[in-house]
1. Can you give me the number of residues within segment 211-220 that are under 17 Å from Lys35 (Cα atoms) and loosely packed, with under 14 Cβ neighbours inside 10 Å?
2. Name every residue in segment 14-28 that is in contact with a Lys or Arg (Cβ under 9 Å, 6 or more places away or on another chain), touching a residue at least 12 places away in the same chain (Cβ under 8 Å) and surrounded by 14 or more Cβ atoms within 10 Å (Cβ to Cβ), in order of residue number.
3. Being under 20 Å from Ser24 (Cβ atoms), modelled with pLDDT of 95 or more, within 18 Å of the chain's Cα centre (by Cα) and of a type in the set (Phe, Trp, Tyr) narrows it down to one of Phe152, Phe191, so name that one.
4. Does Arg102 satisfy the condition of being within 12 Å of the ligand (Cβ to nearest atom), at negative phi and surrounded by fewer than 23 Cβ atoms within 10 Å (Cβ to Cβ)?
5. Which ones in segment 34-61 are touching a helix residue (DSSP H, G or I) at 6+ places or on another chain (Cβ under 7 Å) and of a type in the set (Gly, Ala, Ser)?
6. How do the helices (runs of 4 or more DSSP H) wholly within segment 119-202 filter down when requiring 1 or more residues that are surrounded by fewer than 18 Cβ atoms within 10 Å (Cβ to Cβ), of a type in the set (Asp, Glu) and away from the ligand (no atom under 14 Å from the Cβ): which remain?
7. Go through Phe136, Phe124 for me and flag whichever is of a type in the set (Phe, Trp, Tyr), touching a residue at least 40 places away in the same chain (Cβ under 8 Å) and more than 30 Å from Pro203 (Cβ to Cβ).
8. With the condition kept exactly as written, say whether any residue in segment 122-138 is more than 28 Å from Asp7 (Cα to Cα) and more than 16 Å from the chain's Cα centre (by Cα).
Amino acid sequence: MDAAEFDKFAEEYLATHKDNLRISGEEPDYFARYKLDELRRLWTAKSLPEPHDVLDFGCGIGASLPWLSQAFPNARLTALDVSQKSIDIAATRFPDLATMLRYDGEVVPLAPASQDLIFSACVFHHIDHGAHVALFARLHALLRPGGRLVVFEHNPINPVTRYIVATCPFDENAHLVPAGELAKRQRSAGFGRVETRFTGFFPGPLRMLRPLEPWLAPIPVGAQYYTLAHA
Ligand SMILES: C[S@@+](CC[C@H](N)C(=O)[O-])C[C@H]1O[C@@H](n2cnc3c(N)ncnc32)[C@H](O)[C@@H]1O
């Protein structure tokens with residue numbers, strides 16, 4: 001993608017997103033929050049060590065920051081994006097939550113082995129697939145031994161997801177990544193074990209069924225999926 005593609009969507013990002021997600025029966029903040037609720041639940045269930053340094057890679061206008069901060073209250077947060085306008089908006093919305101950095105798409109402005117958790121939500125379908133392995137290798141180098149990369153993505157198998165992406169102005173140049181392919185790319189980049197879980201099985205009107213989702217996680221039809229890759 002053009003590094004500044006999201007500069008032109010940054011100001012209307014929330015309104016556009018809200019409009020586009022109407023079919024799901026939920027507001028954008030629900031989608032930001034459920035990812036971190038899910039991650040926190042998994043972190044606790046697996047007794048993973050509390051991260052000291054957490055990076056939100058491709059933070060956009062900062063939708064995940066309050067929920068990252070709530071899920072990992074003792075962590076130092078860094079948020080990074082290629083879109084300067086998005087970073088400026090994130091910094092205005094959440095001035096005290098994270099250190100905001102611009103990434104030029106080549107050199108990540110962070111020291112090697114400086115992060116315990118890298119979180120990325122709905123970013124990789126905006127990045128040329130041919131660049132994924134090299135980028136995952138770059139992220140791997142940022143992690144301390146035992147660190148983890150968590151990537152949430154849209155599931156191309158799910159027809160509602162495909163409809164939402166096809167009708168979303170800022171997904172015009174998006175290319176969805178099948179879950180198995182994303183995990184394969186992470187392993188090629190040097191990650192050891194990569195676990196994949198599916199989420200987003202029930203739209204708003206069926207929300208009372210959501211407590212069942214942890215049991216459905218292996219079934220590859222949820223609206224989204226995430227990978228937990230171990231460095
Ligand atoms: C759909 S938005 C998601 C933003 C945020 N993660 C969220 O969940 O609201 C995709 C973001 O990825 C960013 N992005 C695109 N290419 C990137 C790259 N190579 N490195 C880092 N961020 C990138 C865009 O600028 C945009 O802010």
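The values are calculated or read from the model by the stated rules, or taken from the named source; none is laboratory data. Remember, predicted model here, so these are calculated numbers, not experimental data. Using ideal geometry, Cβ is built from the backbone for each residue, glycine included, and neighbour counts are taken over all protein chains shown.
1. Qualifying residue count, segment 211-220: 5.
2. Pass one, segment 14-28, residues in contact with a Lys or Arg (Cβ under 9 Å, 6 or more places away or on another chain): 25-28.
Going one step further and asking which of them are touching a residue at least 12 places away in the same chain (Cβ under 8 Å), we end up with 25-26, 28.
Result: Glu26, Pro28.
3. Values: Phe191 fails: under 20 Å from Ser24 (Cβ atoms).
Residue meeting the stated conditions: Phe152.
4. Details: within 12 Å of the ligand (Cβ to nearest atom): yes; at negative phi: yes; surrounded by fewer than 23 Cβ atoms within 10 Å (Cβ to Cβ): yes.
In short, yes.
5. Scanning segment 34-61 gives a single hit, Gly60.
6. Working: elements: 132-142, 159-166, 179-188.
The helices (runs of 4 or more DSSP H) meeting that bar are 179-188.
7. Values: Phe124 fails: more than 30 Å from Pro203 (Cβ to Cβ).
None of the others qualify; the one that does is Phe136.
8. Within segment 122-138, the first condition is being more than 28 Å from Asp7 (Cα to Cα), and the residues that meet it are none.
For segment 122-138, residues more than 28 Å from Asp7 (Cα to Cα) and more than 16 Å from the chain's Cα centre (by Cα): absent.
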